[in-house]
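*Asks:* Just dropping this structure here.
The values are calculated or read from the model by the stated rules, or taken from the named source; none is laboratory data. The shown structure was predicted, so the numbers you read here are calculated from the model rather than taken from an experiment. Neighbour counts run over all protein chains shown; Cβ positions are idealised from the backbone, glycine included.
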Amino acid sequence: MGMYYDFENADGFATGAIGQPGARTFYLQVRAEGRTVSIKCEKQQVAALAEYLRTMLEDMPDTGTEVDPVSSSLMNPVEQDFVLGSVGLGVDRPNMRMVIQLEEMILVDEDDDDIFDLLDDDDDEIDSTVVRVLVTPSQARAFCDTADLFLSAGRANCKWCGTPIDPSGHACPKFN
């Protein structure tokens, strides 16, 4: 059964990775109202979210408020609540907040024919967890800066093919 979290004032909106480069697990974490929600995601999802937030921030006034770096860093222990599916972004201009909606990925067994009946039936809905959080522009900037640190801390890219180089060796397709 899915849950719906609606956080008007986030204490923390964070990202980070656990593990060694090449085998890291990325997370988003929302902390508000005494609750912590940790969402497993892909590195590319963190990169895309940071990129879109930076684009949105260009249209927001700079409040100049400094954010504690801890608010944009993962708080341990990190216990996965769900896996990230879709992401929605918006702006609450009257309150000068950025709206971020994170939805759970729904895994579907492709071999199960019953799923098509469920999807076709308007009365039945697939329950998924949704987290809606409003963050300040300063919190969004801090998130982007933290994301940049984790995204650049991975494995080096091959100068010929651009893919990450594994520490145990790299079979570059450009030399195949």
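*Asks:* So which residues in segment 48-58 are of a type in the set (Gly, Ala, Ser) and closer than 16 Å to Gln139 by Cα?
*Replies:* Of everything in segment 48-58, just one residue is of a type in the set (Gly, Ala, Ser) and closer than 16 Å to Gln139 by Cα, namely Ala50.
*Asks:* Residue under question is Val67, and the condition is that it be in contact (Cβ under 8 Å) with a residue 60 or more places away in the chain, over 15 Å from the mean Cα position of the chain (by Cα), closer than 20 Å to Tyr52 by Cα and surrounded by 13 or more Cβ atoms within 10 Å (Cβ to Cβ); does it hold?
*Replies:* When the stated conditions are applied, Val67 passes them.
*Asks:* Take segment 144-176 and flag every residue that is in contact with a helix residue (DSSP H, G or I) (Cβ under 9 Å, 6 or more places away or on another chain) and part of a loop (DSSP other than H, G, I, E, B).
*Replies:* Of everything in segment 144-176, those that are in contact with a helix residue (DSSP H, G or I) (Cβ under 9 Å, 6 or more places away or on another chain) and part of a loop (DSSP other than H, G, I, E, B) turn out to be Gly154, Cys158, Trp160, Cys161, Thr163.
*Asks:* Also: As an exercise: evaluate Ser38 against (1) farther than 20 Å from Thr129 by Cα; (2) modelled with pLDDT of 95 or more and give the number of the one condition it does not meet.
*Replies:* Every listed condition holds for Ser38 apart from (1).
*Asks:* Being at pLDDT below 95, more than 17 Å from Gln139 (Cβ to Cβ) and out of contact with any Gly (no Cβ under 6 Å at 6 or more places or on another chain) is the filter here; which residues of segment 5-29 pass it?
*Replies:* Ala17, Ile18, Gly19, Gln20, Gly22, Ala23, Arg24, listed by residue number.
*Asks:* Would you mind telling me which numbered condition in (1) modelled with pLDDT under 90; (2) of a type in the set (Phe, Trp, Tyr); (3) under 30 Å from Asp59 (Cα atoms) Trp160 fails?
*Replies:* For Trp160, the exception is condition (3).
*Asks:* Is it true that Ala32 is buried (at least 17 other Cβ atoms within 10 Å of the Cβ), within 14 Å of Ala140 (Cβ to Cβ), touching a residue at least 40 places away in the same chain (Cβ under 8 Å) and within 17 Å of the chain's Cα centre (by Cα)?
*Replies:* Answer is no for this residue.
Conditions (1) part of a loop (DSSP other than H, G, I, E, B); (2) modelled with pLDDT under 55; (3) acidic (Asp, Glu); (4) closer than 18 Å to Ser86 by Cβ, marked per residue:
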| site | (1), (2), (3), (4) |
| --- | --- |
| Glu103 | no, no, yes, yes |
| Leu119 | no, yes, no, yes |
| Asp122 | yes, yes, yes, no |
| Glu125 | yes, no, yes, yes |
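*Asks:* Moving on. Of everything in segment 88-101, what is among the hydrophobic types (A, V, I, L, M, F, W, C) and either modelled with pLDDT of 95 or more or assigned to a strand (DSSP E or B) (or both)? Give them in sequence order.
*Replies:* Answer for segment 88-101, where residues must be among the hydrophobic types (A, V, I, L, M, F, W, C) and either modelled with pLDDT of 95 or more or assigned to a strand (DSSP E or B) (or both): Leu89, Val91, Met98, Val99, Ile100.
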